[in-house]
Amino acid sequence: MGRAEAIDWRAVFTASPTPTCVVDAQGGVIAANNAFAALVGVATDALSDQRIDALLTLDGGPWIQTEALAGAMKARSGVAFLSAVGDGRGLPYTLSPLSDGVGILSLSDVADEHCFICKVFSSRDKFRTAIDDQSEVIVRVAADLSVTLVNREFAALFAVPPRVLIDRHLRDLMPPLSAAAVAAFVAQAAPDNPASSAEEPWPCRDGHERWFSWRRYAVFDATGRLMAVQAVGRDTTQRRMAEQERLRLAAMIARSPVLGLGWRVDGRMPIDYAAGNLARLELDRERLARRGLGLLDLVHPDDIPALRAWVIACPETDDPDANPAPPLSFRLPSADGERWLTLTGWRSGAGRMEGVLTDVTEQHDSARALRERERRFHAIINSASDFMGLLTPDGVLIEANDAALRFANVEATAVSGRPFWETPWWTNSSDLDMLRAGLRRAAAGEGVRFETIHRPPGRSSIHVDFSLRPMRDASGAVSFLIAEGREITRYKQTEAELLSAKQLAEAANRSKTQFLAVMSHELRTPLNAVLGYSEVIQRGLFGPIGNDRYAGYIDAIHSSGQHLLDITDEILEISRIELGVVELFEEVVAVADLLTRSTQLLAARADEAGVALRIDADDDLPRLRCDARRVVQILVNVGVNAIKFTPPGGQVRLEARRAPVGPTAVGMIFAIHDTGTGIPTSDLAKVWEPFGQAGNAHISGAGGVGLGLAITKALVEAHGGNAELDSALGRGTTVTLRFPADRCLDGD
């Protein structure tokens with residue numbers, strides 16, 4: 001017998017029908033037969049150097065965790081899932097280690113009914129199929145909340161295969177509310193209380209929200225130790241949305257003014273059906289049904305005949321829209337008075353009707369209030385003596401009040417709907433062009449007012465103050481024009497009379513001023529003679545006076561004559577001012593010189609009155625372009641007043657300062673302060689008027705005719721400045737004189 005030939009084991013390995021591959025300790029494929037390549041869907045020559053984890057998923061976990069970390073390859077068996085094909089099938093596998101650190105992995109494509117492992121994994125497949133076929137979402141977690149089982153519905157929430165979620169923590173998967181609920185259930189679950197239920201929201205990645213009704217079960221071992229928690233969730237989003245929609249509809253019906261009603265037409269018209277919002281009418285639906293009240297028992301007694309007639313007239317038809325009955329309005333007595341309702345109904349069968357009630361109390365009250373306002377409005381405009389009318393924006397008359405109709409002697413129907421310029425009010429007027437232009441402007445939103453003359457037939461002409469005002473709607477567009485006319489004939493006559501009287505008064509005032517000027521000149525001539533001769537006698541130019549008493553008389557004559565001459569000069573000055581004859585002889589003069597000249601004239605008066613006179617001026621005062629004589633006259637006038645009204649021992653201070661009058665301009669201020677008796681607040685404006693004096697007893701006895709401040713104010717204003725006065729009783733007076741910046745000159 002001959003020796004058998006050597007067996008080609010590589011050929012046997014390649015041709016074996018059992019899917020087999022050789023792997024190293026790190027899970028790398030060294031070689032694989034054709035059956036294995038066909039099973040995993042990869043060409044045989046492309047399998048070399050691939051990792052087994054990329055082709056199969058072993059039920060024990062990734063290869064690197066089960067073999068490499070263990071330090072040596074171990075024999076094992078179980079179920080493998082095809083990763084590349086992804087058909088979800090589980091195939092029994094066997095891993096046998098060899099002596100050189102590699103192993104042979106064999107797969108069984110057909111389960112052996114007599115194989116115990118195959119039977120077990122077949123049962124697991126059937127169990128998983130049953131779980132995956134459930135419409136609920138199912139998740140099972142261990143006591144530490146790590147996921148041990150999920151079905152396809154749960155995994156679909158994350159758009160991943162179920163096995164990807166295994167060993168994940170529940171907090172990483174569920175919304176915080178649901179994860180916290182499971183954690184709380186785990187903390188308090190007990191063998192005698194192993195279940196709980198709740199409905200919780202589940203936010204989706206697209207921004208929407210789903211709701212799940214969860215039923216949670218706790219699994220305990222024989223010792224009472226918690227082994228796992230299984231949660232089954234049913235999607236209740238549609239039911240919850242339907243419930244929310246029902247609640248919204250119920251709320252809408254409760255707030256709706258429309259109430260559904262069904263009743264029979266016999267007897268008292270008993271009510272068969274009433275909507276839930278009947279409480280809006282302060283009626284109880286259950287009480288109505290229990291007591292058997294009818295529709296006629298609810299309405300106002302005076303409206304029962306109308307309701308009966310309306311029911312009888314309602315057409316017999318199966319289609320309520322074919323020939324509907326007209327709505328009926330009636331009253332419903334209530335605790336606070338009565339309500340107005342509108343009933344729209346139709347026949348719903350033999351001897352039955354259905355309809356809807358609408359509470360129109362507010363509309364009825366509003367309509368009644370509107371009618372009352374319209375009545376009052378017409379009463380007001382018709383009782384007015386002025387002409388009033390309402391026009392369209394293009395000038396067509398809509399309505400006119402009684403006063404306007406009486407004036408034109410026409411009826412309202414004769415003028416309504418006609419262009420305003422063709423009505424009797426304007427046919428005899430020469431102002432039609434002005435009216436048409438005014439209508440165009442008013443239609444554009446502008447208020448218009450002008451005076452016009454109307455000539456009614458058989459009557460004298462009248463003057464009318466006419467106006468057009470636009471009325472706007474809610475959008476701001478002009479919707480109407482209001483025309484108003486007020487007769488001002490008497491006012492025009494009064495105006496003419498006042499103008500004539502004014503002209504006569506001005507002429508009389510000019511005559512008075514001219515008379516004062518002439519009289520002043522006439523007075524000055526004899527006064528100059530009196531003063532001249534009295535001064536000759538005072539000085540004794542032609543020898544001494546024989547008697548000392550004559551010397552006193554001569555002094556009195558000279559003093560009185562000088563006072564009378566001063567008054568005459570002031571009257572002459574104010575006369576020239578009132579006539580508008582104020583001439584300024586301007587020159588450029590140093591302010592210091594003006595102060596020196598003024599104090600020389602005031603010093604003697606201050607000494608005689610026992611009043612201290614002080615000068616307070618800046619060092620760098622500018623030169624002033626002015627009439628120097630007039631400025632000195634201004635300062636002396638105010639200074640004399642200050643000395644005159646300051647008691648002995650008091651003080652008068654003449655101040656000169658620069659003062660800003662703008663961002664860059666600097667003007668000049670003279671201020672005269674005194675410590676006198678002061679002026680009442682009520683007399684501050686009065687003292688600036690010619691012959692005006694303050695009304696206090698101290699000032700009244702001080703002498704003068706009240707022209708000094710009036711002259712001062714006029715002369716300051718002639719220089720472009722202004723004068724101000726600040727005073728109060730008991731705290732003295734300050735007069736401030738301001739000169740503009742263009743009159744101040746710095747430098748040489």
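The values are calculated or read from the model by the stated rules, or taken from the named source; none is laboratory data. This one's a predicted model, so the numbers in the text were calculated from it and none came from an experiment. All Cβ positions, even for glycine, are placed from backbone atoms using ideal geometry, and neighbour counts span all protein chains on display. We work out accessible area using only protein heavy atoms, side chains counted, and drop any ligands, DNA or RNA first. Shrake-Rupley method; radii C 1.70, N 1.55, O 1.52, S 1.80 Å.
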Qualifying positions in the range 176-197 - surrounded by 16 or more Cβ atoms within 10 Å (Cβ to Cβ) and outside any helix (DSSP H, G or I): Ala189, Ser196
Near pairs, Cβ below 7 angstrom, 6+ apart or cross-chain, from the range 353-364 (farther than 20 Å from Pro333 by Cβ) to any residue that is among the charged types (D, E, K, R) and assigned to a helix (DSSP H, G or I): none
Val661 being open to solvent by less than 30 Å² (accessible area, probe 1.4 Å) and either modelled with pLDDT under 90 or of a type in the set (D, E, K, R) (or both): no
Inter-residue pairs, beta-carbon under 6 Å, first more than 15 Å from Ala443 (Cβ to Cβ) and in the range 474-485, second open to solvent by 30 Å² or more (accessible area, probe 1.4 Å) and in a strand (DSSP E or B), 6+ apart: Glu484/Met388; Gly485/Phe387
Total residues in the range 58-77, condition at pLDDT 70 or above and surrounded by 19 or more Cβ atoms within 10 Å (Cβ to Cβ): 2
Of the criteria (1) modelled with pLDDT of 80 or more; (2) touching a helix residue (DSSP H, G or I) at 6+ places or on another chain (Cβ under 7 Å), which one Ala325 fails: (1)
Tally of residues being farther than 19 Å from Leu468 by Cβ and among the hydrophobic types (A, V, I, L, M, F, W, C) across the range 406-426: 3
Selection count where residues are in contact with a Phe, Trp or Tyr (Cβ under 9 Å, 6 or more places away or on another chain) and at pLDDT 90 or above, scope the range 636-656: 3
Sole exception among (1) of a type outside the set (D, E, K, R); (2) assigned to a loop (DSSP other than H, G, I, E, B); (3) open to solvent by 20 Å² or more (accessible area, probe 1.4 Å) for Val164, by number: (2)
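For every residue, the table says whether it meets (1) open to solvent by less than 20 Å² (accessible area, probe 1.4 Å); (2) touching a Lys or Arg at 6+ places or on another chain (Cβ under 9 Å); (3) more than 18 Å from Thr712 (Cβ to Cβ).
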position	(1), (2), (3)
Val589	yes, yes, yes
Leu595	yes, no, no
Leu602	yes, no, no
Asp607	no, no, yes
Arg625	no, yes, yes
Gln633	no, no, no
Subset tally (residues that are in a loop (DSSP other than H, G, I, E, B), among the polar types (S, T, N, Q) and open to solvent by 50 Å² or more (accessible area, probe 1.4 Å)) for the range 362-402: 1
The one condition in (1) free of Cβ contacts under 8 Å to residues at least 40 places away in the same chain; (2) over 20 Å from Met471 (Cα atoms); (3) of a type outside the set (Ser, Thr, Tyr) that Ile381 fails to fulfil: (2)
Residue within the range 115-136 that is surrounded by 14 or more Cβ atoms within 10 Å (Cβ to Cβ), in a strand (DSSP E or B) and modelled with pLDDT of 60 or more present: no
The range 454-499 - residue that is touching a Phe, Trp or Tyr at 6+ places or on another chain (Cβ under 8 Å) and more than 19 Å from Pro424 (Cα to Cα) and, of those, surrounded by the most Cβ atoms within 10 Å (Cβ to Cβ): Pro470
Top-ranked residue in the range 203-233 [being part of a strand (DSSP E or B) and farther than 26 Å from Asp144 by Cβ; ranked as most open to solvent (accessible area, probe 1.4 Å)]: Glu209
Total residues in the range 409-453, condition touching a helix residue (DSSP H, G or I) at 6+ places or on another chain (Cβ under 8 Å), open to solvent by less than 20 Å² (accessible area, probe 1.4 Å) and assigned to a helix (DSSP H, G or I): 5
Cβ pairs under 8 Å, 6+ apart, first in the range 617-639 and at negative phi, second among the charged types (D, E, K, R) and in a loop (DSSP other than H, G, I, E, B): Pro622/Asp746; Arg623/Asp746; Arg625/Glu586; Cys626/Glu586; Asp627/Glu586
Long-range neighbours under 9 Å by Cβ, at least six apart or interchain, first residue closer than 24 Å to Leu343 by Cβ and surrounded by 11 or more Cβ atoms within 10 Å (Cβ to Cβ) within the range 240-258, second at pLDDT 70 or above and among the charged types (D, E, K, R): Pro257/Asp359; Pro257/Glu362; Val258/Asp359
